[in-house]
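Undergrad: Quick one: structure below, then a few questions.
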Amino acid sequence: MRAWFHFSLTALLVALLNGCASLPPGSNFPKNPSLALVHPDETRLGGQFESAAREHEGNSGFRIFPAGADGFLLRMQMIHSAERTLDLQYFIFRGDETGRLLSDAVLHAADRGVRVRILVDDGETVAGDEQLTTLAAHPSIELRIFNPFAYRGHTELLRAIEFLFNSARLDYRMHNKLLVVDNAIALIGGRNIGDQYFQIDPDSQFADDDVFVGGPISRKLSGTFDEYWNSALSIPIQALSGGKTSRAELNEHRRQLHQETRQLAADGIDYAQKVASGQPFEGIISGLLPLTWAPAQVVCDSPDKKKVESGAMVGRLMQRAVANATKAVQSELLMITPYLIPGREGMQTFKELRQHDVRVRILTSSLESATVLAAQAGYMHYRVPLLEDGVELYEIRSLLGNTKGSGETAHIARYGNYSLHAKLFVFDRQRLFIGSMNFDQRSLHLNTEIGLIIDSSVLAQQIATRFEAMVLPQNAYRLEARPNGAAVPNLVWHTQEAGKAVAYDTEPARSEWQRIKVNMLSILPLDKEL
């Protein structure tokens, strides 16, 4: 173990001495550019949705899925439906049960001759996630890593050392989430790949949303994937240390995946049977689960977002489009975001909206439901100013009294580990934003993001209805700034327990230690990193 540590440290130092480069390791490795399927209309799904789009004035069809289990089943079934191409782009792709089942589905698609491209970020990888590496041994599968670390292991100290020496590059992450099949249909939203995100892990679950997309806008989403895939920051896995795998390793990986699937079925979790039911995907394709057809806009950052922000190159910044939609609101803005660090610009936007009598209501994380204490610590500074400007603030509880609209099953709900992960804005109940962008400084400046602005009062009202359900007293704390004669008013958390109204003047938390840690973090000037 000591020899391995010394070897790893030496390798890391060599990588660091090669320079704190603006481009990641492996940038000189030869790679072939590739593009989305040119004629999606030649596939079954492409032909179906091209015809449907003509019947709906060239618009695209959308359906939102708040339930995590549906998000998993949709991905499996969409992958099974692929005929020619399959593109996956994710911030996190875990090597847990659902992640490995999705890997198995990808392998089967490649066996059918489907060209598979997988692009994942390298910022939040943990032990086990490297199972994806093995897939690259398949001749029909390419895997690229966005802005990778030189060190490929999972020792936190070594990753921290590399980050310390090269933070200007490694702090820049790809936060996008996108799945595209045959350049004809897509799934986009805030969910990563993993048990937590599909709301099946009792110990930790992240509530989020996917929107199924069929029609012309799928090609625009594919265009964003191509741009990231061919970016200088996207490195073939073969160019990285430990990234080369053999067909023998792939076959062993395939055998293990098959064995794990059989064991899950024996344990009473028969995912294969659920996927084989065809629902919800077949319901969409057959029309039993109707789509909402509407015009929409893809909003996406350029892969080199930092250079665009600095003026060094021309490109897209999605925050501009979302900010314009927000500032155009006339009567009501609803926002769901797990992390709320608006910064000076965001606070000014809220202030201007309130000055025009726009009702602003925000649902975000409570301390007890928070998964990133540093982000919660940053948000704490904004609560009183937001309330004083007339913004209505709600913080989600970890134990919901009513699961309607939450995506959570009653079985999972009883564990009391509910956390927000969705990013949803509703503009005047006429338009909505759904995507990967939180309302924080990291999403604005340090992460690349993607989403859709959909011009649909039907979908906007659906999200508004769920918002109203989630901010009910039994599900959330409503914050009040109560004057106390001092410069800073007291905060009060209003909620409902056992059918009775309750008010807390001490912030609800899972433990006193959690409260101490977040207060300590709140002292640090971390806003730009959050």
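Undergrad: Run the helix sum for the chain: -39,500 (n - 2.57) per DSSP H stretch of 4+ residues, divided by residue count, reported at 222 nm to the nearest 500 deg cm²/dmol.
TA: Here the helix-only value at 222 nm equals -10500 deg cm²/dmol.
Undergrad: With 23 Å as the limit, write out which pairs from K351/K528; K423/K500; K305/K528 have Cα-Cα distances beyond it, or answer none.
TA: From K351/K528; K423/K500; K305/K528, over 23 Å: K423/K500.
Undergrad: DSSP loop (so not H, G, I, E, B), at most 14 other Cβ within 10 Å: list which trypsin sites (Lys or Arg not before Pro) in the stretch 200-253 pass both filters.
TA: Hits after loop and neighbour filter: K244.
Undergrad: Let me ask something additional. What distance in nm separates the simple spin-label points at N324 and S277, each placed 7 Å from Cα in the Cβ direction?
TA: Taking the two extended label points, one gets 4.3 nm.
Undergrad: Can I ask one more? With each label point set 7 Å from Cα along the Cα-Cβ vector, what nm distance links A503 and R44?
TA: If labels sit at A503 and R44, their model points lie 6.1 nm apart.
Undergrad: If I stretch the segment between H494 and S51 completely, what's the gain in nm (0.36 nm per residue apart, minus their alpha carbon distance), one decimal?
TA: 154.4 nm
Undergrad: A follow-up question, please. May I ask you to give the solvent-accessible area per residue for the chain, in square angstrom, as obtained with a 1.4 angstrom probe?
TA: For the chain, the solvent-accessible area averages 42 Å² per residue.
Undergrad: Now for a separate question. Would you mind telling me the share, in percent, of accessible area of the stretch 281-379 contributed by carbon and sulfur at probe 1.4 angstrom?
TA: 50
Undergrad: Students often check this: by mean Cβ neighbours within 10 Å, which of 465-473, 198-206 ranks highest, and how do the rest follow?
TA: The peptides rank, most packed first, as 198-206, 465-473.
Undergrad: Counting only Cα, what are the radius of gyration and maximum Cα-Cα distance Dmax of the stretch 396-494, in Å?
TA: Cα radius of gyration and Dmax of the stretch 396-494 are 16.5, 46 Å respectively.
Undergrad: Right, something else. Only bridges whose two residues both fall in the chain count here: according to DSSP, what percent of them are antiparallel, nearest 5?
TA: For the chain, the DSSP antiparallel bridge percentage is about 65.
Undergrad: A follow-up question, please. Suppose a student asked you for the relative contact order of the chain, using Cα pairs under 8 Å spaced at least 6 residues apart; what percent would you report?
TA: 16
Undergrad: L23 to A487: extension gain in nm, 0.36 nm per residue of separation minus the Cα-Cα distance?
TA: 162.2 nm
Undergrad: Restricting to the stretch 364-459, what percent of DSSP beta bridges are antiparallel, rounded to 5?
TA: Expressed as a percentage, antiparallel bridges in the stretch 364-459 total about 80.
Undergrad: With a point put 7 Å past each Cα toward its Cβ, work out how far R344 is from N32 in nm, to one decimal.
TA: For R344 paired with N32, the spin-label model returns 5.0 nm.
Undergrad: Also: In whole angstrom, note down how far apart the Cα centers of the stretch 158-229 and the stretch 490-513 are.
TA: For the stretch 158-229 versus the stretch 490-513, the Cα centre distance is 34 Å.
Undergrad: For K306, which aspartates and glutamates qualify as cross-link partners when the Cα separation must be under 17 Å and same-chain residues fewer than eight apart are set aside?
TA: D121, D171, E227, D440, E449, E529
Undergrad: Which of (1) 1.44; (2) 0.96; (3) 1.12 is the computed Rg/Rh (Cα atoms, Kirkwood Rh) for the structure on display?
TA: The listed entry that was calculated here is (2).
Undergrad: Can you tell me which of 91-99, 258-266 comes out highest on packing, and rank the rest after it, using the mean Cβ neighbours within 10 Å?
TA: Highest-to-lowest ranking by the protection proxy: 91-99, 258-266.
The values are calculated or read from the model by the stated rules, or taken from the named source; none is laboratory data. The structure presented is a predicted model; accordingly, all values stated were derived computationally and were not measured. Quick reminder, even Gly has a Cβ in these numbers, built from the backbone with ideal geometry, and neighbours come from all protein chains shown. In case anyone asks, the SASA skips ligands and DNA or RNA and just uses the protein heavy atoms, side chains included. Shrake-Rupley method; radii C 1.70, N 1.55, O 1.52, S 1.80 Å.
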